[in-house]
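Colleague: Take this structure, written in structure tokens, and hold onto it; I'll ask about it next.
The values are calculated or read from the model by the stated rules, or taken from the named source; none is laboratory data. Keep in mind that what you see is a predicted model, and the values were worked out from it rather than measured. Using ideal geometry, Cβ is built from the backbone for each residue, glycine included, and neighbour counts are taken over all protein chains shown.
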């Protein structure tokens, strides 16, 4: 059976555009608001990445760290994150959901229990930042048995032989980290160079969906639209922060930003 993630990419390819993936931290700035943001932006996006807040987010820059801090401070728990996903999946414009986080969250809960709960609430994919290939092989197999995509990460320093091995094991989507940085960093390489590296990955297996993340902003998104998908996260977390600081509604402001991003890739 074709996965919801694959269906989303197929739809975008028919429309001759990349998939738009957005990342928000579950519970930022509270459970109610993060659900409302998801619901509001879902009309403009193709796939939702939802972050599981962690107190030591090693891959995340300042904006996402701040989001995670707000969510943890407001008492977000794993059961709340699952409830947000379950509730979102019942909405009219629900999109495929990828949970993104760190292995300790899964380990503390138990791998099998965590995967079963993901299946139960409708999670379509998982990104575990600090569980690389080949250490993730067994966990990825468990995910596949439950029809959950385990999403492998690739970077500019991944060797060709390693790329081939990871792509071979990849499920329906692979995530290319565009530069050696934490999330939200200023783009240190040109879009042209990013696409050159990206094409090397795509040429290994054209049938595998590869998205680009890290450094995607309003300024850079249009120049990268040849990719299968583009991930925007820090821009959204920054907007939530600014909205709260200015005592404005983050739901409205984030939706406006996402709408503008979507127009840039059409």
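Colleague: Residue 64 passes all but one of (1) buried (at least 21 other Cβ atoms within 10 Å of the Cβ); (2) out of contact with any helix residue (DSSP H, G or I) (no Cβ under 7 Å at 6 or more places or on another chain); (3) part of a helix (DSSP H, G or I); (4) in contact (Cβ under 8 Å) with a residue 60 or more places away in the chain; which number fails?
Modeller: Against the list (1) buried (at least 21 other Cβ atoms within 10 Å of the Cβ); (2) out of contact with any helix residue (DSSP H, G or I) (no Cβ under 7 Å at 6 or more places or on another chain); (3) part of a helix (DSSP H, G or I); (4) in contact (Cβ under 8 Å) with a residue 60 or more places away in the chain, residue 64 comes up short only on (2).
Colleague: I've got another one for you. Out of (1) out of contact with any strand residue (DSSP E or B) (no Cβ under 6 Å at 6 or more places or on another chain); (2) closer than 23 Å to residue 96 by Cβ; (3) part of a helix (DSSP H, G or I); (4) touching a residue at least 40 places away in the same chain (Cβ under 8 Å), the odd one out for residue 241 is which?
Modeller: (2)
Colleague: Follow-up question, since we're still on this one. Answer yes or no as to whether residue 80 is surrounded by 16 or more Cβ atoms within 10 Å (Cβ to Cβ) and over 19 Å from residue 21 (Cα atoms).
Modeller: On the way: surrounded by 16 or more Cβ atoms within 10 Å (Cβ to Cβ): yes; over 19 Å from residue 21 (Cα atoms): yes.
Here the answer is yes, as residue 80 does meet what is asked.
Colleague: Also: State yes or no: is residue 104 surrounded by fewer than 22 Cβ atoms within 10 Å (Cβ to Cβ), within 21 Å of residue 175 (Cβ to Cβ) and touching a residue at least 40 places away in the same chain (Cβ under 8 Å)? Step through it out loud before you land on a result.
Modeller: On the way: surrounded by fewer than 22 Cβ atoms within 10 Å (Cβ to Cβ): yes; within 21 Å of residue 175 (Cβ to Cβ): yes; touching a residue at least 40 places away in the same chain (Cβ under 8 Å): yes.
Judged against the criteria, residue 104 is a match.
Colleague: Of (1) assigned to a loop (DSSP other than H, G, I, E, B); (2) surrounded by fewer than 20 Cβ atoms within 10 Å (Cβ to Cβ); (3) free of Cβ contacts under 8 Å to residues at least 40 places away in the same chain, residue 199 satisfies all except one. Which?
Modeller: Going through the list (1) assigned to a loop (DSSP other than H, G, I, E, B); (2) surrounded by fewer than 20 Cβ atoms within 10 Å (Cβ to Cβ); (3) free of Cβ contacts under 8 Å to residues at least 40 places away in the same chain, residue 199 breaks only (1).
Colleague: Among the residues that make up the stretch 28-41, is at least one of them touching a residue at least 40 places away in the same chain (Cβ under 8 Å), part of a loop (DSSP other than H, G, I, E, B) and within 14 Å of the chain's Cα centre (by Cα)? Talk me through it step by step, then tell me what you get.
Modeller: As a first pass, look at the stretch 28-41 and keep what is touching a residue at least 40 places away in the same chain (Cβ under 8 Å): 28-31, 33-41.
Going one step further and asking which of them are part of a loop (DSSP other than H, G, I, E, B), we end up with 28-30.
Restricting the remaining residues to those that are within 14 Å of the chain's Cα centre (by Cα) gives none.
No.
Colleague: Which one of 127, 236 is at pLDDT 95 or above and within 30 Å of residue 249 (Cα to Cα)? Let's see the steps before the verdict.
Modeller: Details: 236 fails: at pLDDT 95 or above.
The match here is 127.
Colleague: Name the residues in the stretch 137-165 that are free of Cβ contacts under 8 Å to residues at least 40 places away in the same chain, touching a helix residue (DSSP H, G or I) at 6+ places or on another chain (Cβ under 9 Å) and closer than 23 Å to residue 96 by Cβ, would you?
Modeller: Listed by number, the residues that qualify are 139, 140, 142, 143, 145, 146, 148, 150, 152, 153.
Colleague: Considering only residues of the stretch 71-103 that are in a helix (DSSP H, G or I), in contact with a helix residue (DSSP H, G or I) (Cβ under 8 Å, 6 or more places away or on another chain) and closer than 12 Å to residue 54 by Cα, which is modelled with the lowest pLDDT?
Modeller: Only one residue tops the list, namely 71.
Colleague: Within the stretch 42-52, track down each residue that is part of a loop (DSSP other than H, G, I, E, B), buried (at least 19 other Cβ atoms within 10 Å of the Cβ) and out of contact with any helix residue (DSSP H, G or I) (no Cβ under 6 Å at 6 or more places or on another chain).
Modeller: Keep residues of the stretch 42-52 that are part of a loop (DSSP other than H, G, I, E, B), which gives 42-46, 52.
With the extra rule that they be buried (at least 19 other Cβ atoms within 10 Å of the Cβ), the set shrinks to 42, 44-46, 52.
Across the stretch 42-52, the qualifying residues are 42, 45.
Colleague: What's the total number of residues in the stretch 202-221 that are part of a helix (DSSP H, G or I) and more than 16 Å from residue 13 (Cα to Cα)? Outline the logic, then answer.
Modeller: Of all residues in the stretch 202-221, those part of a helix (DSSP H, G or I) come to 202, 221.
Checking the rest, the ones that are also more than 16 Å from residue 13 (Cα to Cα) come to 221.
Number satisfying all stated conditions: 1.
Colleague: Six or more apart or on different chains, Cβ under 7 Å: which pairs go from a residue in the stretch 1-21 that's over 15 Å from residue 211 (Cα atoms) to one that's in a strand (DSSP E or B) and modelled with pLDDT of 95 or more? Could you list them?
Modeller: Filtered contacts from the stretch 1-21: 3/149.
Colleague: Hey, could you check the stretch 104-128 for residues that are touching a strand residue (DSSP E or B) at 6+ places or on another chain (Cβ under 7 Å) and part of a loop (DSSP other than H, G, I, E, B) and say which is nearest to residue 163 (Cα to Cα)?
Modeller: Among those that are touching a strand residue (DSSP E or B) at 6+ places or on another chain (Cβ under 7 Å) and part of a loop (DSSP other than H, G, I, E, B), it is 124.
Colleague: What do you reckon, is residue 194 surrounded by 23 or more Cβ atoms within 10 Å (Cβ to Cβ), farther than 30 Å from residue 70 by Cα and either in contact with a helix residue (DSSP H, G or I) (Cβ under 9 Å, 6 or more places away or on another chain) or modelled with pLDDT of 95 or more (or both)?
Modeller: Numbers: surrounded by 23 or more Cβ atoms within 10 Å (Cβ to Cβ): yes; farther than 30 Å from residue 70 by Cα: yes; either in contact with a helix residue (DSSP H, G or I) (Cβ under 9 Å, 6 or more places away or on another chain) or modelled with pLDDT of 95 or more (or both): yes.
Spelling it out, residue 194 is indeed surrounded by 23 or more Cβ atoms within 10 Å (Cβ to Cβ), farther than 30 Å from residue 70 by Cα and either in contact with a helix residue (DSSP H, G or I) (Cβ under 9 Å, 6 or more places away or on another chain) or modelled with pLDDT of 95 or more (or both).
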